[in-house]
1. By accessible area of protein heavy atoms, probe 1.4 Å, what ranking do 117, 5, 89, 146 get, highest first?
2. Tell me which residues come under 5 Å, amide H to amide H, from residue 18 once H is placed; ignore anything under 5 positions away on its chain.
3. Output ³J(HN,Hα) for region 33-50: one whole-Hz value per residue in order, computed from phi by the Karplus curve 6.51 cos²θ - 1.76 cosθ + 1.60 with θ = phi - 60°, and x for Gly and Pro.
4. Tell me, in nm to one decimal, what length is gained between residue 143 and residue 109 on full extension, where the rule is 0.36 nm per residue of separation less the Cα-Cα distance?
5. Taking amide H positions as placed 1.01 Å from N in the peptide plane, with prolines and chain starts having none, which residues 5 or more places from residue 44, or on another chain, fall under 5 Å of its amide H?
6. Ordering 116, 77, 97 from largest to smallest accessible area (1.4 angstrom probe), what's the sequence?
7. Note down the net charge around residue 89, summing +1 for each Lys or Arg and -1 for each Asp or Glu among other residues with Cβ under 11 Å from its Cβ.
8. Residue 120's amide H: which non-local residues (gap 5+, or another chain) put their own amide H closer than 5 Å, with H modeled 1.01 Å from N in plane and none for Pro or chain starts?
Amino acid sequence: MALQRALTVDNVLAKKYKLINFTGEWYEAFDKPEMSGVWFVWGNSGNGKTSFIIQMIKELAKFDKVLINSREEGTRHTLQKSLINFNMRDVGKSKVHFVNEGVDNLITRLKMKQSHRIVIIGSFQNMQINNKESIPVKEQFPDKLRIFISHADGKSPEGRSAK
């Protein structure tokens, strides 16, 4: 295995990043994060994960297409109510898409040309994958923002893989 070239301070400072240009409350909370990487949102049932995620989707859709792999909730009435409550029709018809697929189909979808750059996976537990199986979703797509949603187990994400 060949070693990667070590970078100098100047190399790192010269790098350009695609950033999410949040404004207002989103900027105050998150600054301007990269449009790639892995985020992890977790909390107990009833703590507002769905409401937070729907609001985040609405904000992220201003910057790129968003794919929600809704393994747990699917497109149930509770999701429909949240979409109505947060006026999600405002984002436009082609900005947010919902699927309910296993990890293999999700990876195939993300490999497609012009696939979504922002992917929300909910919930981590309902993907029924362990940490090793989640690595391809985390590592194969360095140019995408992957947001995992997890249930909580006390004060930690639920399950060994989520922790």
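1. 89, 5, 117, 146
2. 35
3. Each residue of region 33-50 in turn: x, 5, 7, 8, x, 10, 10, 10, 10, 9, x, 5, 4, x, 8, x, 4, 5 Hz.
4. Values: separation 34, 0.36 × 34 = 12.24 nm, distance 1.45 nm.
Taking residue 143 through residue 109 to full extension adds about 10.8 nm, to one decimal.
5. Correct list: 152.
6. Values: 116 20, 77 115, 97 65 Å².
My answer, sorted largest first, is 77, 97, 116.
7. Values: positive: 58, 93, 95; negative: 90.
With Lys, Arg at +1 and Asp, Glu at -1, the net is +2.
8. Under 5 Å from the amide H of residue 120 lie the amide H atoms of 67, 68, 69, 147, each far enough along the sequence or on another chain.
The values are calculated or read from the model by the stated rules, or taken from the named source; none is laboratory data. Quantities reported herein were computed from a predicted structural model and do not represent experimental measurements. When we count neighbours, we look across all protein chains shown, and the Cβ atoms used for this are built from the backbone with ideal geometry, even at glycine. Accessible surface areas use protein heavy atoms only, side chains included; no ligands, DNA or RNA. Shrake-Rupley method; radii C 1.70, N 1.55, O 1.52, S 1.80 Å.
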